[in-house]
Each structure stands twice: as structure tokens, then as C-alpha cells.
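Visitor: The following block contains the structure, expressed as C-alpha cells.
The values are calculated or read from the model by the stated rules, or taken from the named source; none is laboratory data. Computed from a prediction, not measured in an experiment: that's the story for all the values here. No Cβ is skipped: glycine too gets one built from the backbone with ideal geometry, and neighbour counts run over all protein chains shown. All accessible areas refer to the heavy atoms of the entire protein, side chains included, with ligands and DNA or RNA removed. Shrake-Rupley method; radii C 1.70, N 1.55, O 1.52, S 1.80 Å.
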Amino acid sequence: MALIYENELKRQIKDGKMNNCYLFYGDEDYLKQFYLNKIISKFVTPGSETFSLRKYDGKDDTLEDVFEGAQSISFMTEFTVVVAHDFKLNKPNEDEKEQISAFLDNQPDSSITIFWFDAEHPDSWILEQFKKKATAVNFRKPDLKELYRLIIAYAKKQGCVMQEKTAHYLIETVGDDLNTLFNEIQKAANFAGNGNEIKKEDIDSVAIESLEANVFNISKNILAGNPGSALELLHTLMQQKAEAIEILAVIIMSFSDIYRAKIALDAGKNARYMADFYDYKNKEFRLTNVAGRAARLTMGQIRECFDRINESDRALKFSSQNDELVLEKLIVNLSLIVSR
């Protein structure tokens with residue numbers, strides 16, 4: 001059959017012309033849940049759930065359970081909706097492949113079966129089988145323009161107004177996962193009050209910064225010549241049980257942004273130019289944010305920073321040194337390099 005995306009699935013649900021088997025996968029978990037709920041609302045009459053809605057979980061159920069449920073006939077609705085959530089099909093064995101292939105070759109007309117993956121992506125063989133014999137739906141993260149629209153619309157739904165610049169700040173603060181964004185908008189709307197505008201100050205008051213945002217703030221302070229503030233942030237994160245290796249990973253990301261922005265600027269390009277060559281979807285602002293500092297640093301300074309980062313990486317992975325001390329030394333060393 002096909003590989004489709006959100007807009008096509010939306011059209012199918014609206015028209016009531018569904019295929020009999022779907023595979024939901026991709027990076028945006030909120031959209032998977034959202035469209036699953038849409039399908040259930042469309043085809044499962046309230047009060048008929050016992051007969052027309054069957055849910056299976058990979059932790060407790062088997063593929064045989066799913067396929068048996070899909071064979072059942074609903075007496076109260078046109079279709080039985082069957083949901084198979086997080087079955088471990090990233091590495092299917094031969095028996096599982098046979099079962100899935102046989103099911104897809106003989107899909108029951110009486111049901112709509114949805115295999116739904118969260119954390120893990122399906123095996124390439126599984127994906128190809130669904131593309132060929134059923135319908136695979138790839139839920140991709142919205143681009144930045146669409147994210148702004150969704151955030152502003154959700155704030156309106158909560159009874160508040162939000163400007164695009166505030167939506168941008170929210171993404172910088174908590175990341176681009178829709179579940180997280182909508183949760184933080186609810187909190188900010190409650191804080192701002194019904195009918196009011198959600199402002200940057202409201203987000204600062206209630207939002208929980210992502211680890212990535214916190215560590216980028218460490219890097220910002222290093223680059224701004226404020227090692228004391230960077231160390232305070234580090235101590236806070238370590239008290240919150242953040243993993244040192246994860247903190248270092250984001251520091252590496254931050255200095256990679258500087259390196260890439262520097263290459264673009266030296267070539268006479270805008271810092272965002274490098275976003276076309278790396279995975280910066282919805283995060284192009286990272287390159288813009290470091291453009292000024294990248295312009296002032298020499299390539300020699302940047303390379304020296306990576307030497308110190310590499311030493312810290314090896315110390316965290318292969319030595320018995322205290323993790324927090326390793327990162328403290330790194331912050332001080334990086335601050336000395338960029339301040340020259």
C-alpha cells in the first residue's frame with residue numbers, strides 16, 4: 001500500500017475511508033496519541049468499547065493476542081479498532097516475521113489494527129512489509145513554523161495569548177517535544193491567568209528547563225566570561241543527579257555549534273548556513289545564538305577547546321576522578337581559552 005504522513009492520515013479519518021492496518025512510528029509521540037484518539041472517536045461509539053475497542057501491550061500480550069483480536073467482529077460498530085502498543089519488533093525473529101507477513105497478507109475487513117511504536121523504531125523489514133502490504137505512518141516532528149502555530153493555538157485553547165517570540169523562547173527553554181511543550185503551556189497559562197498573555201516571565205516562573213537548555217546556559221556563561229555562574233549551574237545539575245557524561249555531551253554540542261558557525265562565517269556565509277548540512281531541525285537558532293562569539297574566537301582557540309573537551313571525555317570514561325571535579329576543571333579551562 002503506502003508510506004503516508006500526518007496530512008494524509010487526517011484526510012482518511014475525516015473521510016471515514018480507512019485502511020485495515022497501520023504502523024505508527026516516528027519521532028513525535030504526541031501526534032501518534034492524538035491521531036489514535038481521533039480514530040477511536042471516529043469509529044468506536046461511546047458505550048461500545050467492550051465490543052469494538054481492543055488494546056494490547058507488548059509487555060503483557062503476544063502477537064497471537066493481537067491477531068485474534070483483529071479477527072473479532074464488532075456487533076455495534078462498523079469496525080473493531082485494535083491497538084498494539086510497543087511490541088518489540090525492532091529485532092523480530094523468524095517466527096514473528098512469519099506471523100506478521102501472514103496477517104498482512106490476510107487483513108480482516110472487520111477491523112482497523114494499529115501497531116504503535118514510542119521509543120523504538122521498527123525493524124527495516126517490518127517497515128517495508130507495512131509499506132508494501134498495509135500503511136506506515138511516519139510522524140515527523142513539525143518544523144519551526146508549524147511548531148509556532150501549534151504552540152500559539154494551544155495557548156489560545158488554554159484561554160491565553162502567546163506571541164511568536166515567546167513561543168520561540170519556550171522551545172529554547174524546554175525543547176521541541178509536543179507533549180512537553182503543551183504541558184508547560186498549561187502551567188504557564190494557569191500562572192498568567194485566563195484571558196492574559198503568556199510572557200517570557202511566566203515561562204521562567206513555571207517551566208522546567210530541559211537538561212539541554214540548562215547545559216547550554218553553562219556554555220553561554222563560559223563564552224560570556226562568567227565561569228562562576230557556569231560552575232553554579234553545574235553544581236545545581238549535579239545535585240539534581242544529572243549524569244556528567246550527558247552534561248559533557250551537550251557541552252560538545254554547544255562547541256560544535258561554534259565550530260560550524262565559525263566555518264560558515266569565515267566562508268562569508270550566515271551562521272545558519274550550516275543548518276543545511278547537519279540535523280538542526282527546529283534548532284537553527286543555536287547557530288545564530290553563537291554567531292557573535294564564533295566571530296570573535298580564532299579557529300586555534302576553538303581547536304584548543306576541543307582538546308580540553310576530549311581530555312575531559314576520556315577522564316569521565318576511563319579514570320577514577322570525581323565526575324564533578326572533571327567538569328569543574330573543564331569549565332575553568334574553557335573559560336581561560338575563550339577569554340584570551
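Visitor: Which percent of the accessible heavy-atom area of segment 174-217 goes to carbon and sulfur, probe 1.4 angstrom?
Guide: 43 percent
Visitor: Lys38: which aspartates and glutamates have alpha carbons under 15 Å from its alpha carbon, excluding same-chain residues fewer than 8 sequence positions away?
Guide: Correct list for Lys38: Glu6, Glu8, Asp15, Asp29, Glu49.
Visitor: Step by step: find N for segment 171-329, compute 2.2 N^0.38 Å, then divide the Cα radius of gyration by it. What's the final number?
Guide: Values: Rg = 17.4 Å, N = 159, 2.2 N^0.38 = 15.1 Å.
Ratio of Cα Rg to 2.2 N^0.38 Å: 1.15.
Visitor: If you don't mind, there's one more thing I want to ask. Determine the share of segment 243-300's accessible area contributed by carbon and sulfur atoms, expressed in whole percent, with a 1.4 angstrom probe.
Guide: Looking at segment 243-300 in its full context, I get 50 percent from C and S.
Visitor: Okay, next question. What is the distance, in nm, between label points placed 7 Å from the Cα along the Cα-to-Cβ direction at Asp27 and at Ala213?
Guide: 1.8 nm
Visitor: Just the accessible area for Asp123, please: 1.4 Å probe, Å², rounded to the nearest 10?
Guide: Probe radius 1.4 Å; accessible area of Asp123 about 40 Å².
Visitor: Return the subset of Lys59/Lys157; Lys14/Lys133; Lys14/Lys199 for which the Cα-Cα distance in this structure is over 26 Å, preserving the input order. Display every interim value, and only then the final one.
Guide: Values: Lys59/Lys157 35 Å; Lys14/Lys133 23 Å; Lys14/Lys199 36 Å.
Pairs exceeding 26 Å: Lys59/Lys157; Lys14/Lys199.
Visitor: Treat every Asp and Glu Cβ in segment 29-145 as -1 and every Lys and Arg Cβ as +1, leave all other atoms uncharged, and give the resulting dipole magnitude about the Cα centre to the nearest 20 debye. Working shown, then result.
Guide: Details: 15 positive and 21 negative charges, 149 e Å.
It works out to roughly 720 debye.
Visitor: Could you work out the helix-only [θ] at 222 nm for the chain, with each DSSP H run of four or more residues adding -39,500 (n - 2.57) and the total divided by the number of residues, to the nearest 500 deg cm²/dmol?
Guide: Details: 16 runs with 204 residues, N = 340.
Counting only the DSSP helices, I get -19000 deg cm²/dmol.
Visitor: Taking a 28 Å limit on the Cα-Cα distance, which of the listed pairs Lys42/Lys283; Lys32/Lys132; Lys10/Lys156; Lys91/Lys187 fall beyond it? Mind dumping the intermediate values first?
Guide: Details: Lys42/Lys283 36 Å; Lys32/Lys132 21 Å; Lys10/Lys156 22 Å; Lys91/Lys187 39 Å.
From Lys42/Lys283; Lys32/Lys132; Lys10/Lys156; Lys91/Lys187, over 28 Å: Lys42/Lys283; Lys91/Lys187.
Visitor: Within the set of other residues whose C-beta is less than 15 Å from the C-beta of Ala102, count the net charge using Lys and Arg as +1 and Asp and Glu as -1.
Guide: Numbers: positive: Lys97, Lys132, Lys133; negative: Glu64, Glu68, Glu94, Asp95, Glu96, Glu98, Asp105.
That works out to -4.
Visitor: So what are segment 266-340's ellipsoid semi-axes, whole angstrom, largest first, if each one is the square root of 5 times an eigenvalue of the alpha-carbon gyration tensor?
Guide: Values: eigenvalues 156, 51, 22 Å².
Here the semi-axes work out to 28, 16, 10 Å.
Visitor: Between segment 5-54 and segment 77-112, what is the separation of their alpha carbon centroids in Å?
Guide: Value for the Cα centre distance between the two parts: 15 Å.
Visitor: Averaged per residue, what accessible area in Å² does the chain show with a 1.4 Å probe, protein chains only?
Guide: On a per-residue basis, the chain sits at 51 Å².
Visitor: With an 8 Å Cα cut-off and a minimum separation of 6 or more residues, compute the relative contact order for segment 191-238 in percent.
Guide: 25 percent
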